[in-house]
Amino acid sequence: MALIHAILVALLDCPSSGYDLAKRFDGSVGFFWDASHQQIYRELTKLEVGGHLAGEKIPQEGRPNKVIFSVTESGRLLLEDWMAQPVPLAPVKDALLVKLFGGYIMPTAVILTDLQQHQAQHRERLAEYESIATQFFPNPAVLSARATHQYLTLRHGIQYEQGWLTWCEEAIATLQKL
C-alpha cells in the first residue's frame, strides 16, 4: 500500500484542505498508516497533478488561499483498482523484538524497562481506541455500511493492542524470573 491510497480513502467522504486532512489523518487512518504532514502534502500535490484529486481554491483574508481537495473519478478508479488486489502479509519490522531477540547480552533490567515502556504505550493506545469505540460506535449492531467498515478497523486496533498487552505481561513475567 502506498500513502496515496490512505489519502484517497481519507478524502472519499470528506473533502479537506491539506492542513485539515493531516490533522484528521492523525486521528483516523494515521492509526494504521504512519505519515508525516510533509509526506501528506507532497502526495496531495502528486495526486492533484495526476488528476486523482481536484483542488478548489478558497480565498482567505490575510492568509494564503485554502485548497479543498476532493477525490475525482480517476482517483476513485485508482482506489478501486488497488482495493480489488489481494493484500500481501505485511512484513514485521519491530525494533523491540530485535532487541529482545539479542537481549541476553544486556542486563535484564534494560530490556524490562523497554518492555514496560511499550506496555504503558499500548495501554494508552488501547484506552484511546476504547474511547473512540464508546464515542462513535455505541451500538455496533445498527451501523451503516460505512461505519461498519470503520468499526471493524477499530476492532482490529483494539484486539491488536490487547494482544500486545498480553504478550508484554508474559514477556515481563518470564524475564523477571531470570
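Here are some notes:
- Selection status of L11, closer than 26 Å to F136 by Cβ, among the aliphatic types (A, V, I, L, M) and not assigned by TED's automatic domain parsing to the domain that holds E130: yes
- Unique residue being at pLDDT 95 or above, in contact with a Phe, Trp or Tyr (Cβ under 9 Å, 6 or more places away or on another chain) and not assigned by TED's automatic domain parsing to the domain that holds W33 when the list is I172, I158: I158
- Only one of G62, G102, G27 that is surrounded by fewer than 11 Cβ atoms within 10 Å (Cβ to Cβ) and under 24 Å from Q159 (Cα atoms): G27
- Residue within the stretch 115-134 that is under 30 Å from H52 (Cα atoms), surrounded by 15 or more Cβ atoms within 10 Å (Cβ to Cβ) and in contact with a helix residue (DSSP H, G or I) (Cβ under 9 Å, 6 or more places away or on another chain) present: no
- Residues satisfying the stated conditions in the stretch 24-58, i.e. in contact with a strand residue (DSSP E or B) (Cβ under 8 Å, 6 or more places away or on another chain), of a type outside the set (D, E, K, R) and farther than 15 Å from L8 by Cβ: I58
- Those helices (runs of 4 or more DSSP H) of the stretch 19-118 in which 2 or more residues are charged (D, E, K, R) and either under 26 Å from C168 (Cβ atoms) or touching a residue at least 40 places away in the same chain (Cβ under 8 Å) (or both) occupy 37-49.
- Residue within the stretch 150-166 that is of a type in the set (A, V, I, L, M), surrounded by 14 or more Cβ atoms within 10 Å (Cβ to Cβ) and farther than 21 Å from G27 by Cα present: yes
- From the options L53, L89, L77, L97, residue that is within 30 Å of A120 (Cα to Cα) and over 20 Å from the mean Cα position of the chain (by Cα): L97
- Test for D13: is it out of contact with any Ser or Thr (no Cβ under 8 Å at 6 or more places or on another chain) and without any contact (Cβ under 8 Å) to a residue 12 or more places away in the chain: no
The values are calculated or read from the model by the stated rules, or taken from the named source; none is laboratory data. Since this is a predicted model, take the numbers as computed values, not measurements. Quick reminder, even Gly has a Cβ in these numbers, built from the backbone with ideal geometry, and neighbours come from all protein chains shown.
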